[in-house]
Every structure is written in C-alpha cells, then in structure tokens.
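First up is the structure itself, then whatever we jot down about it.
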Amino acid sequence: MLLGRKQRTARGPAAEATLSLYYASDVHGSERCWRKFLGAGRFYGVQALVMGGDLTGKAIVPIETRDDGSFEALFIGETRSGKTAEELEELVDAIRFNGMYPWLAPAAEIARLREDDAARAALLEETMVEELRRWIALADERMAAYGIDVFVMPGNDDPWSCDAVIESAAHVQTCDDRVVRVGPHEMISSGYSNPTPWNTPRELDEDALYARIGKLADQLEDPATAIFNLHVPPYDSGLDTANEMNPDLTLKYVGGQPHPIPVGSHAVRQLIEEVQPLLALHGHIHESRGEVRIGRTLAINTGSEYNSGHIHGAVVTLAGPEVRKHQLVVG
C-alpha cells in the first residue's frame, strides 16, 4: 500500500527568468539519435538538454573478418558482405543507426562466444560502456563549447556500469537519484521503473519506488516550480499505454487484436498528484507519446522511434511558476 504525503507549500519561487530546455529519452544505443539530441541544443536555442534514460543498445552484431580483407555479417535477417573499407563503414553505420553495436572478429572467436553466455554478456556490457564513454566525451566537448547544460541519467534498461561513465564527465551532469538545479528550477530524477516483463536492471515495486522518489521530493525547497525527470510515466495517464504481454513475452490478443493497457507507475502518479510539480518529463513507453495535465502539473512522454533514426523530444519554456510554452518535436 502506498502511504500518503503531507501537502507542501512553496517556500520560495524560482526566479522569473525564463528557462528553455529540450528533453528526450530512450535512444537505446542509436548514435544518430544521440548526435541529434546534442544538436537540438543549438537548433532550438535552449539553455539545457535533459536525457531521460535508456541510453544503451540491446545487442551486438558480429562482423566476421577474413584474412583476405573481406567481411560478412547477418544483420536484421540479411547477410551483408563486402571487401572494401567503404562497404565495411556503411555496414557499421547501419548497425549503429539501429541501436546495435558492431563487433569485428574472426569466425573462430565469434563461434566461441556463441557457445559462452557469460562471455557474450560481458562483451555486450563492455561494448555498451565504451560506446557510452565515447558519447559522453562528445557531449563534454561540444556542449561545453556552446555553453549548454546537459543532464543525463540511465534508465531501467541500462546496466549499472553506465553510472560511473556519466559521473566521470567533465561537462555533462549526472542527475539520477538527486536534486539538481536546471537554471532556477530544482529537478529530481529517477531512472527506475515499476516491474516490467523483461526484468530489467532498475526495477522496484510500487512501494519502494514511491519511497525512493518521495525521499527526493522531500528535499525540494519549492515544489511548485520543480521538474520531475522520472523515466517511467504515471499510471493510466495516457502516457503509459502499451500492448499487454503474455508471460512468454508474446503479445496478448483479445478479440483477435493486441490488447492495450496502462503500464505506468501508480507511485509516480500518486507523487505527481501530491507534490504537483510544475513539469513532469517521462519516457519508457515508446508508443505512448503525448502530454496531459495531472492537476496543475504538465506531464509529457516524448516517446521513442530510435530505430528509425528519428529522435522524439519536447522543447519547454518555463517562467517562474508557469510553463510558458511547450512543443513536442521530431528530428
């Protein structure tokens, strides 16, 4: 059972100066989407970028390399082969475009890893971390030069090894499980989700999720002007609709059709209703892009279409205790 909270009173409104930010989430290893996320800073003329989690991809694509300089790979059900550096670069780019990681190795090494689950999992995590380290370095270099703040957190799908990479950044600011300042506004962030069918690294039951996020909310000096950056959207909000799954992870059909249901967090919904922050930013449910008012709070899920190379985001302008303007955008 989720316990209620005391109602809070704002103790000092944020400065009236406006803050413009760009939010996106769930890039899942797509380098093109990450570069577009960084590019959004200058394109939309914002002061801050906020990444809401699920940074890493889900699979490695082995590319078999041969002594004669040729290569071959099975990629999205199709055998791809070639001999030139240009052909190899084209394949590598296509793999990264789809949020996967290319891995070049001889046939014997690829065969060895196919038979070793532990080694395969270790390689995937190592590759995730190295790619994320490259992404963060790019963000440090470019955004520091442009004077644009960048806030990044992992999501429920991301392994724990990602945290140290983000925390070691020079310009990018880690924001997970803490209160940070985005301009004059306080922002709390959490990459956890309620339980999912996939048993991902960062999941909590609703009571534990309520307690964890609530502990952050209790630290806010001015809840009425705060931003909630919470990976999972609020339950039954229209921002959390996904097709129901069977225990074997196949789609459940009702009347011959997929069965959409709300899958967001009761804890997140209750906290938004109780605290009533100015803005709540969410991802997690890719197909549930939209916006809704929960009391005075504007809640947004930007959705995701990372494997198309398009990044879904939101540009929001805040002014003191109000959302001056906002727009869902695709790039």
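Keeping the other protein chains in place, figure out the carbon and sulfur percent of the accessible area of the chain, with a 1.4 Å probe. That fraction is 50 percent. Extension gain, residue 253 to residue 163, is 28.6 nm, computed as 0.36 nm per intervening residue step minus the present C-alpha separation. The magnitude of the dipole of segment 120-203, with charges of +1 and -1 set on the Cβ of Lys/Arg and Asp/Glu and taken from the Cα centre, is near 120 debye. A prolate overall shape is assigned to segment 193-263, the ratio a/c of its alpha-carbon gyration tensor axes (a ≥ b ≥ c) being 1.5 or greater and a/b exceeding b/c. For residue 27, no residue has an amide H sitting under 5 Å from its own, ignoring neighbours fewer than 5 places away on the same chain, with H placed 1.01 Å from N. Normalised Debye scattering of segment 41-108 at q = 0.18 Å⁻¹ gives log10 I(q)/I(0) of -0.70, counting only Cα atoms as equal scatterers and leaving out solvent.
The phi torsions of segment 85-101, fed into the Karplus equation with coefficients 6.51, -1.76 and 1.60 and a -60° offset, translate into couplings of 4, 5, 5, 5, 4, 4, 5, 4, 4, 5, 5, 5, 4, 8, x, 10, 10 Hz, rounded to whole numbers, with Gly and Pro shown as x. With helices as the sole contributors, the chain gives -9000 deg cm²/dmol at 222 nm; each DSSP H run of n ≥ 4 counts as -39500 (n - 2.57), and the sum is divided by every residue. To the nearest µm²/s, what D does Stokes-Einstein give for segment 170-302 at 20 °C and 1.002 mPa s, using the Kirkwood radius over alpha carbon pairs as Rh? This corresponds to a translational diffusion coefficient of 140 µm²/s.
Just to be sure I understand: if I project the alpha-carbon convex hull of the chain onto a plane and average over all orientations, what area do I get in nm²? Walk me through the intermediate numbers first.
Working: hull surface 74.2 nm².
The directionally averaged projection comes out at 18.6 nm².
Averaged per residue, the chain has 45 square angstrom of accessible surface, using a 1.4 angstrom probe with ligands and nucleic acids left out. 3J(HN,Hα) along segment 143-149, derived from phi through the Karplus expression 6.51 cos²θ - 1.76 cosθ + 1.60 where θ = phi - 60°, amounts to 6, 5, 5, 8, x, 9, 6 Hz, with x in place of Gly and Pro.
Around the Cα centre of the chain, unit charges on the Cβ atoms of Lys, Arg, Asp and Glu (plus for the first two, minus for the last two) sum to a dipole of about 1280 debye.
The values are calculated or read from the model by the stated rules, or taken from the named source; none is laboratory data. Every value quoted in this text rests on a predicted model; they were computed, and no experiment measured them. All Cβ positions, glycine included, derive from the backbone under ideal geometry; neighbour counts span all protein chains shown. Note: areas computed on protein heavy atoms with side chains; ligands, DNA, RNA excluded. Shrake-Rupley method; radii C 1.70, N 1.55, O 1.52, S 1.80 Å.
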